[in-house]
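Each remark here refers to the structure printed beneath this line.
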């Protein structure tokens, strides 16, 4: 059964509140404390689902109790009672993460309403089998307020979102941006979500997009170190071979072996007439033709001053067209869309119309998924992603390959 802890130094007031809440004994039990110090001791040894506390108390007042809770019990909603209501006190309580605030003398019906809201907000939902980074992106896109408890094996971390903003994060040894980056690198996570946030100070200044991209880079580096650097070595070898192929010259003057079979027969034209083969044609890649269905969209986007680069790919992740270096983030766009759509389906939400990722440089990546294609666009920092998404979404939806 859920437990509510009431904290006040006036014994008669405690008894009156306890008596008034007895009719709800089938929904929750009541514990009491006369000051913040007693309350902290109860919270540290027992499971408490919601706290109702006064501000002015001896030994440890309500503000000190809130500070203790924000460090060790950030998942417990707090309703603060005060006989000295003011905008300054309300602002201070809000900054310390108070869930609700109510003035004395207590309106009992209002108190019950706030208790029910607090207990509902404290309900913990469990999510597993989904990407943590995609879930964080969804919280940001939907402007959600939530506290995430992230579990990966014996590691536990906490991430705080307020109105879609990444506020803070903690692990056993890290806090702030370092903790968020570390948690985002974890695999096979279980996510426990509460729809409240007691962290009102924005400790993490970097945008969420940067945190997600940087954590992906860190994760790749760790995987490469774990494999003894083979992944990096293989990538470097691939780049070297590609360079050799483009230049048509062997590396460091080494001789290149030629397959005699390639010299046995001359190439033929459609009419069967032998022709000479240009060696350059064996090593250069033909330019990718732009599918007619996306040509008008490509022309429209490349004519926009706000567009730095772009990529258009099909639903299998195959790059159909790019402008400048848009192909560099094409795979990221495909993965983000797939993970977000899977998560939305799991949570019975409608598919995303568009996704926006903020880069550390200030530019933005706008991703628009359609039935047959995915469009990824890098925009300048002053561009309106919403306006461009609004104009491009109908066009993307109409494309049929």
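Can you run down the residue pairs with Cβ atoms below 7 Å, 6 or more apart or on separate chains, where the first is in the range 300-318 and over 19 Å from residue 401 (Cα atoms) and in the same structural domain as residue 359 (by TED's automatic domain parsing) and the partner is in a strand (DSSP E or B) and modelled with pLDDT of 85 or more?
302/323; 306/379; 307/377; 307/379; 308/378; 308/379; 309/323; 309/378
Going residue by residue through the range 353-370, is there one that turns out to be touching a strand residue (DSSP E or B) at 6+ places or on another chain (Cβ under 7 Å), in a loop (DSSP other than H, G, I, E, B), surrounded by 13 or more Cβ atoms within 10 Å (Cβ to Cβ) and at pLDDT below 85?
yes
Which numbered condition in (1) within 22 Å of residue 210 (Cβ to Cβ); (2) surrounded by 13 or more Cβ atoms within 10 Å (Cβ to Cβ) is the only one that residue 323 fails?
Of everything listed in (1) within 22 Å of residue 210 (Cβ to Cβ); (2) surrounded by 13 or more Cβ atoms within 10 Å (Cβ to Cβ), residue 323 misses just condition (1).
May I ask you to list the residues in the range 378-397 that are outside any loop (DSSP other than H, G, I, E, B), closer than 18 Å to residue 309 by Cβ and within 23 Å of the chain's Cα centre (by Cα)?
Initial filter on the range 378-397 (outside any loop (DSSP other than H, G, I, E, B)): 378-379, 385-397.
If we keep only those that are closer than 18 Å to residue 309 by Cβ too, we end up with 378-379, 385, 388-389, 392, 396.
Listed by number, the residues that qualify are 378, 379, 385, 388, 389.
Would you check if residue 374 is assigned to a helix (DSSP H, G or I), buried (at least 19 other Cβ atoms within 10 Å of the Cβ) and not assigned by TED's automatic domain parsing to the domain that holds residue 210?
No; evaluated as a whole, the condition is false for this residue.
Yes or no, residue by residue, for (1) modelled with pLDDT under 70; (2) touching a helix residue (DSSP H, G or I) at 6+ places or on another chain (Cβ under 9 Å); (3) under 22 Å from residue 14 (Cα atoms):
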| residue | (1), (2), (3) |
| --- | --- |
| 42 | no, no, yes |
| 49 | no, yes, yes |
| 65 | no, yes, yes |
| 87 | yes, no, no |
| 95 | yes, no, no |
| 109 | no, no, yes |
| 122 | yes, no, no |
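If you take just the strands (runs of 3 or more DSSP E) that sit entirely in the range 148-234, which of them hold at least 3 residues that are touching a strand residue (DSSP E or B) at 6+ places or on another chain (Cβ under 9 Å) and surrounded by fewer than 21 Cβ atoms within 10 Å (Cβ to Cβ)? Reasoning before the result, please.
On the way: elements: 155-162, 165-170, 190-194.
The strands (runs of 3 or more DSSP E) meeting that bar are 190-194.
Report the residue count in the range 18-37 for those that are crowded, with 19+ Cβ neighbours inside 10 Å and out of contact with any helix residue (DSSP H, G or I) (no Cβ under 7 Å at 6 or more places or on another chain).
As a first pass, look at the range 18-37 and keep what is crowded, with 19+ Cβ neighbours inside 10 Å: 21, 33, 35-36.
Pick out the ones that are also out of contact with any helix residue (DSSP H, G or I) (no Cβ under 7 Å at 6 or more places or on another chain) and you get 21, 35.
Matching residues across the range 18-37 total 2.
Scanning for something at pLDDT below 85, farther than 17 Å from residue 336 by Cα and under 15 Å from the mean Cα position of the chain (by Cα), does the range 163-184 turn up at least one residue? Walk me through it before giving the result.
Going residue by residue through the range 163-184, those that are at pLDDT below 85 are none.
Checked against the condition, which is being at pLDDT below 85, farther than 17 Å from residue 336 by Cα and under 15 Å from the mean Cα position of the chain (by Cα), the range 163-184 yields no hits at all.
Residue check: is residue 317 under 20 Å from residue 208 (Cα atoms), outside any helix (DSSP H, G or I) and out of contact with any strand residue (DSSP E or B) (no Cβ under 6 Å at 6 or more places or on another chain)?
On the way: under 20 Å from residue 208 (Cα atoms): no; outside any helix (DSSP H, G or I): yes; out of contact with any strand residue (DSSP E or B) (no Cβ under 6 Å at 6 or more places or on another chain): yes.
Criteria not met by residue 317.
Among the residues of the range 43-65, what is the count of those that are in contact with a strand residue (DSSP E or B) (Cβ under 6 Å, 6 or more places away or on another chain) and over 21 Å from residue 103 (Cβ atoms)?
Going through the range 43-65 one residue at a time, the tally reaches 2.
Given the condition under 17 Å from the mean Cα position of the chain (by Cα), at pLDDT 85 or above, surrounded by 16 or more Cβ atoms within 10 Å (Cβ to Cβ) and part of a helix (DSSP H, G or I), answer yes or no: does some residue in the range 337-344 qualify?
Of the range 337-344, the ones under 17 Å from the mean Cα position of the chain (by Cα) are 337-344.
Then drop every residue that is not at pLDDT 85 or above, which leaves 337.
This time we only want the ones that are surrounded by 16 or more Cβ atoms within 10 Å (Cβ to Cβ), so: 337.
Okay, now just the ones that are also part of a helix (DSSP H, G or I), so 337.
Yes: one or more hits.
The values are calculated or read from the model by the stated rules, or taken from the named source; none is laboratory data. For clarity, every value in this text was computed on a predicted model and none was experimentally measured. Because the Cβ atoms are built from the backbone with ideal geometry, glycine has one as well, and the counts that use them run over all protein chains shown.
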